[in-house]
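Enquirer: I have a structure I would like to understand better, so I am pasting it below and will then ask my questions one at a time.
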Amino acid sequence: MKAQAFNAQINVIDIFTQSIARAQKLSASKAKESYTKVFTSFIKVNALNIALHPDAKALDSLGFANLLKDTNEVNFFIGGAFGFEEGFLKSVKTLSLSPLTFSHKIAKLVLIEQIYRALSILANHPYHK
């Protein structure tokens, strides 16, 4: 079996503005609101927009690959310690990496590895086995 090559571009954009930092010191609701204000401008109509949320549905690697299968652009949103506002969560698809809480750095690392794994699955590359 010959493995197919795959091509993808990943842009990691870290957004932690001063208004988000201030809001996190005020209250959970203000922190969630500040993330919604910033993240809403990154939602794209023709893209698959996914917020990582511990209470959302978790997929296995094959399910995650199928989610990305026919999509040209995917935007993932990782919230702060207080999570997201319900309105924001209703405006995007949600996905859980785990019921555990991860730091942003660990969540990004796990997410990027799973994206690579999904692309490997879709290209019939042996990495995922």
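The values are calculated or read from the model by the stated rules, or taken from the named source; none is laboratory data. Note that this is a predicted model, so its numbers are computed, not measured. So basically every Cβ, Gly included, is an ideal-geometry build from the backbone, and we count neighbours across all protein chains shown. These area figures cover heavy atoms from the full protein model, side chains too; ligands, DNA and RNA do not enter into them. Shrake-Rupley method; radii C 1.70, N 1.55, O 1.52, S 1.80 Å.
Enquirer: Can you bin the chain into rounded, prolate or oblate? Criterion: square roots of the alpha carbon gyration tensor eigenvalues sorted a ≥ b ≥ c, rounded for a/c under 1.5, prolate for a/b above b/c, oblate for the rest.
Expert: It comes out prolate by the Cα gyration axes.
Enquirer: Out of 57, 108, 90, any idea which swings most in a Gaussian network model of the chain, alpha carbons joined below 10 Å?
Expert: 90
Enquirer: For the stretch 94-124 and the stretch 15-60, what is the separation of their C-alpha centers, rounded to whole Å?
Expert: Cα centres, the stretch 94-124 to the stretch 15-60: 17 Å.
Enquirer: If 52, 97 are ordered by their accessible area, calculated over protein heavy atoms with a 1.4 Å probe, which sequence runs from highest to lowest? Don't skip to the answer; put the middle values down first.
Expert: Working: 52 25, 97 60 Å².
Descending order: 97, 52.
Enquirer: How high is the relative contact order of the chain? Use alpha-carbon pairs under 8 Å, at least six apart in sequence, and give a whole percent.
Expert: 32 percent
Enquirer: To the nearest 10 square angstrom, how much accessible area does residue 82 have with a 1.4 angstrom probe?
Expert: 90 Å²
Enquirer: What does the net charge come to around residue 34 if you take all other residues with beta carbon closer than 14 Å to its beta carbon, with K and R at +1 and D and E at -1?
Expert: My count for the surroundings of residue 34 gives +3.
Enquirer: Now for a different question. Shape call for the stretch 66-124 from the C-alpha gyration tensor, a ≥ b ≥ c root eigenvalues: rounded (a/c under 1.5), prolate (a/b greater than b/c) or oblate?
Expert: Oblate shape, in that a/c is at least 1.5 and b/c is the bigger or equal ratio.
Enquirer: Now for a different question. Which residue, 12, 110, 45, has the most motion in a Gaussian network model of the chain that connects Cα atoms within less than 10 Å?
Expert: Looking only at 12, 110, 45, the biggest GNM fluctuation is shown by 45.
Enquirer: With labels modelled as points extended 7 Å from the Cα through the Cβ direction, what inter-label distance (nm, one decimal) is found for residue 47 paired with residue 15?
Expert: 0.9 nm
Enquirer: Lys pairs in the stretch 24-129, Cα-Cα under 15 Å, at least 8 apart or on separate chains: how many? Don't skip to the end; give the middle numbers.
Expert: Working: 32/90; 37/90; 44/90; 44/93; 57/90; 57/93.
Close lysine pairs under the 15 Å cut-off: 6.
Enquirer: Specify the angular offset, from 0 to 90 degrees and rounded to the nearest 10, of the alpha carbon long axis of helix 104-122 from the longest principal axis of the alpha carbons in the chain.
Expert: Helix 104-122 sits roughly 30 degrees off the main axis of the chain.
Enquirer: Okay, next question. Measure nothing but the geometry: give the 0 to 90° angle between the long axis through the Cα atoms of 28-39 and the longest principal axis through the Cα atoms of the chain, rounded to 10°.
Expert: Value to nearest ten degrees: 50.
Enquirer: Only Cα pairs within less than 10 Å get springs; with that Gaussian network setup on the chain, which residue of 72, 49, 11 has the largest fluctuation?
Expert: Highest fluctuation of the listed residues: 11.
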